[in-house]
1. Can you name the residue in the range 342-369 that is basic (Lys, Arg) and within 14 Å of PHE324 (Cα to Cα) and is also surrounded by the fewest Cβ atoms within 10 Å (Cβ to Cβ) among such residues?
2. Taking LEU161 as the residue in question, decide whether it is touching a residue at least 40 places away in the same chain (Cβ under 8 Å), part of a helix (DSSP H, G or I), farther than 26 Å from THR386 by Cα and touching a Leu at 6+ places or on another chain (Cβ under 9 Å).
3. Of the numbered conditions (1) under 21 Å from the mean Cα position of the chain (by Cα); (2) free of Cβ contacts under 8 Å to residues at least 24 places away in the same chain; (3) closer than 28 Å to GLN329 by Cα, TYR210 satisfies every one except a single condition; which is it?
4. Quick check on my filter: what residues within the range 347-369 are in contact (Cβ under 8 Å) with a residue 60 or more places away in the chain and out of contact with any Asp or Glu (no Cβ under 9 Å at 6 or more places or on another chain)?
5. Does LEU258 meet the test of being modelled with pLDDT under 95 and in contact with a helix residue (DSSP H, G or I) (Cβ under 6 Å, 6 or more places away or on another chain)?
6. Would you mind finding the one in VAL219, VAL254 that is under 30 Å from PHE353 (Cβ atoms) and out of contact with any strand residue (DSSP E or B) (no Cβ under 6 Å at 6 or more places or on another chain)?
7. Just checking, does the range 127-148 include any residue being over 21 Å from ALA385 (Cα atoms), surrounded by 15 or more Cβ atoms within 10 Å (Cβ to Cβ) and modelled with pLDDT under 95?
8. Only one of (1) out of contact with any strand residue (DSSP E or B) (no Cβ under 9 Å at 6 or more places or on another chain); (2) within 25 Å of ALA399 (Cβ to Cβ); (3) at pLDDT 95 or above fails for SER8. Which number is that?
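The values are calculated or read from the model by the stated rules, or taken from the named source; none is laboratory data. All of these numbers come straight from a predicted model, not from anything done at the bench. Using ideal geometry, Cβ is built from the backbone for each residue, glycine included, and neighbour counts are taken over all protein chains shown.
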Amino acid sequence: MSLIKQISADAAHAARTLAQLDESLKNTVLLDMARSLREKTYEIQSANLIDVHRATQDNLSPAMVDRLTLNQHRIEAMAQGIETIAALPDPVGRERFIGKRPNGLSISKMRVPLGVVCMIYEARPNVTADAGALCFKSGNAVILRGGKEALHTSQVIASILQAVLTAYGLPKALISVIPNPDRALMLELMQQREFIDVIIPRGGEGLINYVTENSSIPVIQHFKGVCHLYVDKDANQDIALDLLLNGKTQRTGVCNALEGLLVHKDIAPRFLPRAAKALAEHQVKINACPPAAAYFDACTYMAEGDFGQEYLDLEIAIRQVDSFEVATQHIAKFGSHHTEVICTDNELTAARFQRAVDASVVMVNASSRFSDGSELGLGAEIGIATTKLHAYGPMGLEALTTEKYLVSGTGQIRA
């Protein structure tokens, strides 16, 4: 049996044990995982320095290096995320009554784990902790295949979590790590449908497409984040400016950062000069359509087909639009179903936007940066699904479960 098949088989066997584990024990284990991450901060940072140094030498983008870097604050955030997960109600075993049939059959549904989740990700070592904790609490075994960029960091984090599992007599295979980032092994991993129930890729567009095209296992896509802010004609300009700056400059290398600004023509003469000044102060590179470009001292002109890029940097695309309909049409064409924001004081327009826009998260007068599992009360998230099967939007505990039918009778047989 190959290494990949053995890891997959062990994970499937371990998942059957975890599905029946008591919630209180799961929470105790999770709290110990959080404590261990804090205690091992030095070891995590030492491994992370190796990965960051190599990434810098390999001239990886600033956005990727930022995602890769773990400082003490980010490690603490990982630990707090696990503690939040421990405090959340366990969805496993939750029942809901469907109804009683005329023949007396009682129908209910119960939440159950998916089984074995495979995470394939790039320079995101925090995913190792988040996915490990979320899958454990939701009753799933997880196989982690990180990219070569975060190899040392991910292995250290996983070993810390595995040590806690072992201390409680639980199998290490509940949180497994593929030790070699070789793409041939990843391809073999994506064929283990006998053991793995779902694959969740997190990374760049190339990785997502590769996994989707080559996996024989169902894939939940976590695609790029081309997020827009639409400043409506009835917007509060101060709020709109805050949303723009927070969404674009607070942290550029993340999928919920703003990449596009759409401004209604009726408010553009008042708002765009303010936006130009504020964005210049933050050294944001401007790409704009000709009508919007008139308000900026320096910018790159954009044609219709140039929109839809994920910059992950201090760079943004700006378009002046003639109407609400043009704004939503632009989002439909160039958005990525991730997060879309409207700034408006018109409640009817806000409601129209919420209905019209096809995105996993739709914000009204709130920053795109809140499109995050922890900010939405899910604890840590395993990712933000941009396809609608089996989940849509930030995936927390419940999204890592499904439902089975429970049918109770008194001896009924079908005629």
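1. Initial filter on the range 342-369 (basic (Lys, Arg)): 352, 355, 369.
Those left that are additionally within 14 Å of PHE324 (Cα to Cα): 352, 355.
On the way: ARG352: 16, ARG355: 10.
Only one residue tops the list, namely ARG355.
2. yes
3. If we test TYR210 against (1) under 21 Å from the mean Cα position of the chain (by Cα); (2) free of Cβ contacts under 8 Å to residues at least 24 places away in the same chain; (3) closer than 28 Å to GLN329 by Cα, just (3) comes out false.
4. Listed by number, the list holds a single entry, ALA366.
5. no
6. Only one candidate passes the filter, namely VAL254.
7. Checked the range 127-148: at least one residue is over 21 Å from ALA385 (Cα atoms), surrounded by 15 or more Cβ atoms within 10 Å (Cβ to Cβ) and modelled with pLDDT under 95.
8. Only one criterion is unmet by SER8, namely (1).
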